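Below you'll find the structure, written out as structure tokens, and then a few comments.
The values are calculated or read from the model by the stated rules, or taken from the named source; none is laboratory data. As the structure is a prediction and not an experimental result, all values here were calculated from the model. Positions of Cβ are backbone-derived with ideal geometry, glycine not excepted, and every protein chain shown enters the neighbour counts. Note: areas computed on protein heavy atoms with side chains; ligands, DNA, RNA excluded. Shrake-Rupley method; radii C 1.70, N 1.55, O 1.52, S 1.80 Å.
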Amino acid sequence: MSIRKLSDTSFQNKKVLLRCDLNVPLKNGVITDDGRIVASLSTIRKLLDANCSIVIIAHLGRPKGERKPELSLRPIAARLQELSGVEVIFSDIAPDLAEKARNLKPKQIMLIENIRYEAAETSKDDTERMKLATELAKCADLYVGDGFGAVHRKHASVYELAKLLPSFAGDLVVNEVEVLQKLTTNPTRPYGVILGGAKVSDKIGVISNLLNKVDLIAIGGGMVFTFLAAKGMKIGKSLVENDLVPEVKQLLKRAEELGVKLVLPVDIVVAHEFDANSAPTIVDCSEIPDDQMGLDIGPKSARNFADEIKSCKTVFWNGPMGVFEFSNFSNGTKVVAQALTEVSGMTVVGGGDSAAAVRQLGFADSKFGYISTGGGASLEYLEGKELPGLVALS
Ligand code: AMP
């Protein structure tokens with residue numbers, strides 16, 4: 001599958017609809033990590049330099065068709081203006097949207113309010129999505145898909161809209177795909193994947209598909225307790241998805257049959273409550289007390305994970321090893337991040353959360369081979385799935 005790039009067309013002086021991924025973490029209305037906005041700047045600047053007017057479409061969170069004020073893109077418009085140095089006009093989706101868009105002058109930017117306020121954006125009904133896309137298409141002559149974090153979604157502004165207008169991938173999407181292609185075609189071995197984060201259900205598909213492709217999978221985070229449960233261990237009050245235990249048992253069996261090294265923690269940092277101030281205790285992973293929960297991998301496990309990572313020549317990492325937001329439970333994630341910076345090969349950190357975690361823990365982006373803006377999207381790419389947003393640009 002080869003995607004059409006901006007360099008394949010002449011976009012000088014065009015009116016452009018640009019789909020970005022500006023889905024940044026916010027705390028009390030304040031952006032805590034603007035990585036995705038920064039990553040979008042390259043394409044924005046390129047279009048401005050070419051005298052284009054730009055209408056940006058983006059989403060924030062999952063408002064599910066409701067106008068949730070805490071998910072407004074207004075703070076993002078302000079940050080984008082600051083970072084780009086160009087005024088960002090903000091607009092709702094209103095009947096006069098196309099007219100406003102058409103009246104933009106060259107080098108002007110307009111950001112449309114959270115596209116997911118429109119139920120049609122994420123609708124399962126193709127006709128609904130096409131109706132919204134048709135309205136949006138009136139705003140411009142050209143579509144540029146640069147929201148990598150959303151390319152795995154068959155959404156109106158990602159898929160249908162790209163089909164309605166001449167469409168091209170922006171620089172960010174091109175870079176992301178190039179990196180992921182390297183991981184999927186002949187990665188230098190050993191190839192290790194480190195997975196963490198909250199839920200197994202989000203990642204069980206990727207683990208299953210990756211078993212045929214990798215040499216090593218290390219698992220931490222909240223999802224590891226379903227693995228420990230599958231191995232018959234008591235996991236106390238830790239996060240668990242009991243309905244997935246049979247599937248995880250199958251995975252463990254397949255990994256063994258395929259000779260893939262599946263690395264699990266040997267010790268766990270537990271606490272009584274899911275709270276930054278709950279006292280941490282280190283226990284063996286077979287001795288998690290009934291009244292406590294695991295909130296990080298233990299120091300021995302972190303060292304093991306680091307050694308395994310450093311023995312690899314290609315590493316992809318998605319998902320924190322523990323509740324890194326609480327300093328008492330951030331050590332596992334920190335040690336894994338540090339190990340990645342010491343790999344003499346290709347390292348990719350995948351996903352908004354993981355990227356935010358490494359930055360919050362004080363690691364510079366430049367320490368890693370590549371930091372992907374898309375968690376779900378990069379995982380689905382590695383799984384070998386077709387991503388609607390890329391299909392539409394191919
Ligand atoms: P995800 O979006 O699936 O990558 O999950 C990221 C979240 O998982 C982070 O906010 C972490 O705080 C959380 N997390 C990591 N480890 C644990 C754990 N042991 N228990 C509960 N939550 C966790």
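The figures follow:
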{"item": "Proximal charge balance of Thr188 [Cβ under 10 Å; K/R count +1, D/E count -1]", "result": "+3"}
{"item": "Whole-Hz ³J(HN,Hα) from phi, Karplus 6.51 cos²θ - 1.76 cosθ + 1.60, for the range 264-278, glycine and proline x", "result": "10, x, 9, 9, 9, 8, 10, 8, 6, 10, 7, 8, 4, 9, 5"}
{"item": "Rounded to 5, percent antiparallel among DSSP beta bridges of the range 6-173", "result": "10 percent"}
{"item": "Euclidean distance of C-alpha centroids, the range 6-30 and the range 336-394, integer Å", "result": "19 Å"}
{"item": "Between the range 51-130 and the range 258-287, the alpha-carbon center distance in angstrom", "result": "42 Å"}
{"item": "R0 of 56 Å, Cβ-Cβ distance Thr134-Ser311: FRET efficiency to nearest 0.05", "result": "0.60"}
{"item": "Trypsin sites (Lys or Arg not before Pro) restricted to the range 278-351 and DSSP loop, no more than 16 other C-beta within 10 Å", "result": "Lys313"}
{"item": "Point-charge dipole on Cβ atoms (K/R +1, D/E -1) for the range 66-204, about Cα centre, debye to 20", "result": "360 debye"}
{"item": "Extension gain from Gln12 to Lys300, taking 0.36 nm per residue of separation minus the Cα-Cα distance", "result": "98.0 nm"}
{"item": "Partner lysines for Lys313 [C-alpha distance under 28 Å; skip if fewer than 8 residues away on the same chain]", "result": "Lys182, Lys199, Lys203, Lys213, Lys253, Lys261, Lys300, Lys334, Lys367, Lys385"}
{"item": "Per residue accessible area of the chain, 1.4 Å probe, in Å²", "result": "42 Å²"}
{"item": "Length added when fully stretched, Lys213-Asn277, from 0.36 nm per residue minus Cα-Cα", "result": "19.0 nm"}
{"item": "Computed magnitude of the charge dipole of the range 234-370 (debye, nearest 20; Cβ of K, R +1, Cβ of D, E -1)", "result": "580 debye"}
{"item": "Cβ-based charge dipole, the chain, positive-most Cα from Pro289, Ile44, Val200", "result": "Ile44"}
{"item": "13 Å reach of a label modelled at Lys27, 7 Å along Cα-to-Cβ, counting backbone N of the range 34-75", "result": "34"}
{"item": "Stretch gain in nm, segment Asp290-Lys163, where the contour uses 0.36 nm per residue and the Cα spacing is subtracted", "result": "40.3 nm"}
{"item": "DSSP bridge orientation in the chain - percent antiparallel, rounded to nearest 5", "result": "20 percent"}
{"item": "Surface share of carbon and sulfur [accessible, 1.4 angstrom probe, percent] for the chain", "result": "48 percent"}
{"item": "Residues in the range 47-87 reached by a label modelled at Asn103 [backbone nitrogen below 20 Å; 7 Å Cα→Cβ]", "result": "52-57, 87"}
{"item": "Given charges at beta-carbon only (K, R positive; D, E negative), |dipole| of the chain in Debye", "result": "880 debye"}
